[in-house]
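Down below is the structure, laid out as structure tokens.
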Amino acid sequence: MRRKIGLIFDMDGVIYRGREPVEGAGELIRFLKEKGIPFIFLTNNSTRGPSMYREKLLSMGIDVPEEVIVTSGLATRLYMERHMEPGKVFVIGGDGLHREMERLGWGIVGIDDARKGLWKEVKYVVVGLDPALTYEKLKYATLAIRNGARFIGTNPDTTYPAEEGLYPGAGSIIAALRASTDVEPIIIGKPNEPAYEVARSRLNADEIWMVGDRLDTDMAFAKRFGMKAVMVLTGVSTLKDVEGTGTRPDLVIPSVKELLDYMETIMEASE
């Protein structure tokens, strides 16, 4: 381990499922902190912001600073700040995404404003996972996009893992708007470059390992940007999925518990 290794962790399906931590997650993070191995969390879920995710992790006994948590909502705000001119925003998403758009400071057109016809003033429609999705939100987003507003999606995940199984993800909502507008959105989160730009800027390492549970986002992300692709089987993708795709992880393990064993072995061999 002479080369400085850094790790990027997905969260849903990797560190926890819903409110339940994955076995070994807390021990792995403590090991990385003790050994001074840099890491960040990079989640495509925009329903929470970094501070909210820090509290969620803390409730599971995982204590990390807010600065190591990157959400697709945060990455979306940073991308818009760098690459776009200010303009009013219509948001479909959870509290985390709404907070990021408020921090952007360009003005948000809410559903009550849209009912008054202000959807015509919307310059950007930003879409993430929205547990309170309604037909009315889809209607005004469709009208605004068809009126010329830029269509921005936080992430492409069509599902996300929870205690009961797989729930609809942001990608499902984006797909509905793609169908109703015939417009392709800009997608910020994994496996796309805007997410990598933010993650790379926060991780001081020579070699990066991407630890995730999805072939279509996490592993594709790793392969696209030259990272080591480490897939765990506690989330969405399965071994059968690996056999049926062209995306081949460098390492497939049952969970992050086995990653801890793997890294301890590497550390011992290097001493």
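The values are calculated or read from the model by the stated rules, or taken from the named source; none is laboratory data. As the structure is a computational prediction, the values presented were derived from the model and not from experiment. Don't worry about glycine lacking a Cβ; one is built from the backbone with ideal geometry, like all the others, and counts go over all protein chains shown.
Any idea which of T217, T234, T238 is more than 25 Å from V70 (Cβ to Cβ) and within 21 Å of the chain's Cα centre (by Cα)?
T238
Find the residue count for segment 163-175, including only residues that are under 21 Å from D95 (Cβ atoms) and assigned to a helix (DSSP H, G or I).
Qualifying residue count, segment 163-175: 5.
When you check F90 against the structure, is it aromatic (F, W, Y) and under 26 Å from T142 (Cβ atoms), yes or no?
yes
Return the only residue of L74, L58 being over 30 Å from E264 (Cα atoms) and of a type in the set (A, V, I, L, M, F, W, C).
Only one candidate passes the filter, namely L74.
Counting only residues that are under 16 Å from the mean Cα position of the chain (by Cα) and of a type in the set (A, V, I, L, M, F, W, C), how many does segment 167-200 have?
9
Name the single residue that is farthest from V232 (Cα to Cα) among those in segment 20-36 being part of a helix (DSSP H, G or I) and of a type in the set (G, A, S).
G26
Can you list residue pairs whose Cβ atoms sit under 6 Å apart, with the first residue in segment 206-230 being more than 13 Å from D250 (Cβ to Cβ) and the second being aromatic (F, W, Y) and assigned to a helix (DSSP H, G or I)? Count only pairs 6 or more apart in sequence or on different chains.
Pairs found: F225/Y196.
Looking at Y160, is it within 14 Å of the chain's Cα centre (by Cα), outside any loop (DSSP other than H, G, I, E, B) and in the same structural domain as R48 (by TED's automatic domain parsing)?
So Y160 fails the test.
Restricting to segment 49-87, what's the tally of residues that are small (G, A, S) and closer than 14 Å to I15 by Cβ?
Count: 2.
Would you check if there is a residue in segment 247-266 being over 22 Å from K4 (Cβ atoms), crowded, with 17+ Cβ neighbours inside 10 Å and at pLDDT below 90?
yes
Scan segment 236-249 and give yes if some residue there is more than 22 Å from L32 (Cβ to Cβ) and in contact (Cβ under 8 Å) with a residue 40 or more places away in the chain, otherwise no.
yes
Which of the following residues is surrounded by 21 or more Cβ atoms within 10 Å (Cβ to Cβ) and among the polar types (S, T, N, Q): S237, S201?
Unique residue meeting the criteria: S237.
Do any strands (runs of 3 or more DSSP E) entirely within segment 60-147 hold 2 or more residues that are closer than 16 Å to I186 by Cα, and if so, which?
Once the strands (runs of 3 or more DSSP E) in segment 60-147 are filtered for at least 2 residues that are closer than 16 Å to I186 by Cα, what remains is 89-92, 124-127.
Scan (1) crowded, with 22+ Cβ neighbours inside 10 Å; (2) aliphatic (A, V, I, L, M); (3) modelled with pLDDT under 95 for the single condition A162 breaks and write down its number.
With (1) crowded, with 22+ Cβ neighbours inside 10 Å; (2) aliphatic (A, V, I, L, M); (3) modelled with pLDDT under 95 applied to A162, the lone miss is (1).
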